[in-house]
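**Student:** After the structure tokens below, expect a handful of questions from me.
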Amino acid sequence: MDKLKKLKEIDWRHLKWKDIKDIYVEFKEIINYLVFGVLATGVNFISYFIFARVFNIDEVVSSGLSWFCSVVFAYTTNKIFVFDSKTKGKKALLKECVSFFTARIISGILCDVGTFAVMVKVLHINDVISKIVTQVMVVIVNYIFSKFIVFKKDK
């Protein structure tokens, strides 16, 4: 709540660079997560359209392949830029990587592939609309997994 109080105190009509910097510092993790989440979503969409439209691969298979591409991108950017993970040793790195991919598999099966398949194949909703809906779901679920499980800071 303290962060919200600080946001309310800013004079948004006369925003200064210092205010922008302060906002970024205060909300760095969330801002970076959203920025790199948007980029990961871009990777997902672009790779989906390449697989589905250029290579004419089935929509559901294309969705699975695009999910994998975006997860590789997301792990790298989340580790370095979002959660500033400083794993020590190969075992810790492997554990972190496996937990990240496991969390993404869960969200991928539930949201990105499963919900997408139901929307496209069962409900006959346009594949682009279905991708938009499932990507919003994926961003929310993935932040929760990453923040509280994968990159959880030890107290």
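**Student:** Before we move on, is residue 71 under 15 Å from residue 33 (Cα atoms), under 15 Å from the mean Cα position of the chain (by Cα), crowded, with 19+ Cβ neighbours inside 10 Å and without any contact (Cβ under 8 Å) to a residue 40 or more places away in the chain?
**Tutor:** Answer is yes for this residue.
**Student:** Which condition breaks for residue 124 when tested against (1) in contact (Cβ under 8 Å) with a residue 60 or more places away in the chain; (2) of a type outside the set (Gly, Ala, Ser); (3) outside any helix (DSSP H, G or I)?
**Tutor:** If we test residue 124 against (1) in contact (Cβ under 8 Å) with a residue 60 or more places away in the chain; (2) of a type outside the set (Gly, Ala, Ser); (3) outside any helix (DSSP H, G or I), just (1) comes out false.
**Student:** Which one of these is in contact with a helix residue (DSSP H, G or I) (Cβ under 7 Å, 6 or more places away or on another chain), in a helix (DSSP H, G or I) and either modelled with pLDDT of 95 or more or among the acidic types (Asp, Glu) (or both): 116, 73?
**Tutor:** Only one candidate qualifies: 73.
**Student:** Does segment 96-103 contain at least one residue that is in contact with a Ser or Thr (Cβ under 8 Å, 6 or more places away or on another chain), in a helix (DSSP H, G or I), in contact (Cβ under 8 Å) with a residue 12 or more places away in the chain and among the small types (Gly, Ala, Ser)?
**Tutor:** Yes, there is a match, as at least one residue in segment 96-103 is in contact with a Ser or Thr (Cβ under 8 Å, 6 or more places away or on another chain), in a helix (DSSP H, G or I), in contact (Cβ under 8 Å) with a residue 12 or more places away in the chain and among the small types (Gly, Ala, Ser).
**Student:** Here is a further query. Return only the number of the condition from (1) surrounded by fewer than 15 Cβ atoms within 10 Å (Cβ to Cβ); (2) over 17 Å from residue 145 (Cα atoms); (3) modelled with pLDDT of 90 or more that residue 98 does not satisfy.
**Tutor:** It is condition (2) that residue 98 fails.
**Student:** So which residues in segment 50-70 are in a helix (DSSP H, G or I) and more than 15 Å from residue 120 (Cα to Cα)?
**Tutor:** Once the filter is applied, which keeps residues that are in a helix (DSSP H, G or I) and more than 15 Å from residue 120 (Cα to Cα), segment 50-70 yields 50, 51, 53, 54, 65, 66, 67, 68, 69, 70.
**Student:** Let me ask something else about it. For the structure I just gave you, tell me whether residue 9 is among the acidic types (Asp, Glu), touching a residue at least 40 places away in the same chain (Cβ under 8 Å) and either loosely packed, with under 13 Cβ neighbours inside 10 Å or more than 21 Å from residue 128 (Cα to Cα) (or both).
**Tutor:** In short, no.
**Student:** Name, by its number, the condition in (1) of a type outside the set (A, V, I, L, M, F, W, C); (2) modelled with pLDDT of 90 or more; (3) farther than 28 Å from residue 133 by Cα that does not hold for residue 29.
**Tutor:** Against the list (1) of a type outside the set (A, V, I, L, M, F, W, C); (2) modelled with pLDDT of 90 or more; (3) farther than 28 Å from residue 133 by Cα, residue 29 comes up short only on (3).
**Student:** Now for a separate question. Could you list, in sequence order, the residues of segment 1-49 that are in a helix (DSSP H, G or I), β-branched (Val, Ile, Thr), in contact with a helix residue (DSSP H, G or I) (Cβ under 9 Å, 6 or more places away or on another chain) and more than 19 Å from residue 108 (Cα to Cα)?
**Tutor:** 23, 30, 31, 35
**Student:** For segment 116-124, check the following and say yes or no: at least one residue is among the aromatic types (Phe, Trp, Tyr) and surrounded by 15 or more Cβ atoms within 10 Å (Cβ to Cβ).
**Tutor:** yes
**Student:** So, in segment 127-155, of the ones that are among the basic types (Lys, Arg) and part of a helix (DSSP H, G or I), which residue ends up farthest from residue 59 (Cα to Cα)?
**Tutor:** 147
**Student:** Looking at segment 42-61, which of its residues are buried (at least 19 other Cβ atoms within 10 Å of the Cβ), under 30 Å from residue 81 (Cα atoms) and in contact (Cβ under 8 Å) with a residue 40 or more places away in the chain?
**Tutor:** Result: 44, 48.
The values are calculated or read from the model by the stated rules, or taken from the named source; none is laboratory data. These numbers were taken from a predicted model, which means no experiment stands behind them. No Cβ is skipped: glycine too gets one built from the backbone with ideal geometry, and neighbour counts run over all protein chains shown.
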